[in-house]
Amino acid sequence: MYAHLRIYTVNKGMMDAWLNLFKEKLIPLLTEVGIKVESTWVNEERSQFIWIRSYGNNKEEIVTKEKKFYGTKWWIDNVDMVRSHLAHREIIDIIAN
């Protein structure tokens, strides 16, 4: 399985808003394009949101599914609002057995 481990530093005071946005808008949109949210965590200080999203068993699916996701009308209309919650993003490619 090809996946990304994503570590987002959330702007101070915005974690609750981020979690609501993620649950109510981003998970359904990701699911719709075939990207699975495997698991999510919030660090003890509530400053980082850590999650794994998977794409399937073929590395090319990352490009295809991300293109669908980032091309949706909702994402295009809301990308600035979504990213305004985040101070930093780290994305690590992983291959799970």
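Values quoted throughout were computed directly from the atomic coordinates according to the rules given, and no laboratory measurement underlies them. Computed from a predicted structure; not experimentally measured. Using ideal geometry, Cβ is built from the backbone for each residue, glycine included, and neighbour counts are taken over all protein chains shown.
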List the residue pairs whose Cβ atoms are under 9 Å apart, where the first residue sits in region 81-97 and is farther than 22 Å from Val63 by Cβ, the second is surrounded by 11 or more Cβ atoms within 10 Å (Cβ to Cβ) and among the hydroxyl-bearing types (Ser, Thr, Tyr), and the two are 6 or more positions apart or on different chains. His85/Tyr8; Leu86/Tyr8; Leu86/Thr9; Ala87/Tyr8; Ala87/Thr9; Ala87/Ser47; His88/Tyr8; His88/Thr9
Restricting region 1-24 to residues that are crowded, with 16+ Cβ neighbours inside 10 Å and without any contact (Cβ under 8 Å) to a residue 40 or more places away in the chain, the one nearest to Tyr70 (Cα to Cα) turns out to be Phe22
Which of the residues that make up region 56-80 are free of Cβ contacts under 8 Å to residues at least 24 places away in the same chain and closer than 24 Å to Gly13 by Cα? Asp77, Val79, Asp80
So which of Tyr2, Tyr55, Tyr8 is of a type in the set (Phe, Trp, Tyr), closer than 21 Å to Val79 by Cβ and more than 11 Å from the chain's Cα centre (by Cα)? Tyr55
How many of the residues in region 25-55 are under 21 Å from Thr9 (Cβ atoms), free of Cβ contacts under 8 Å to residues at least 12 places away in the same chain and surrounded by fewer than 15 Cβ atoms within 10 Å (Cβ to Cβ)? 4
Could you please let me know if Asn97 is in contact with a strand residue (DSSP E or B) (Cβ under 9 Å, 6 or more places away or on another chain) and polar (S, T, N, Q)? no
Candidates Val33, Val63, Val79, Val42, filtered to the one that is touching a strand residue (DSSP E or B) at 6+ places or on another chain (Cβ under 8 Å) and not acidic (Asp, Glu): Val42
Would you point out which residue out of Glu45, Glu24, Glu90, Glu38 is out of contact with any Asp or Glu (no Cβ under 8 Å at 6 or more places or on another chain) and in a helix (DSSP H, G or I)? Glu24
When you look at Val42, is it out of contact with any Gly (no Cβ under 7 Å at 6 or more places or on another chain), under 20 Å from Ala87 (Cα atoms) and not charged (D, E, K, R), yes or no? yes
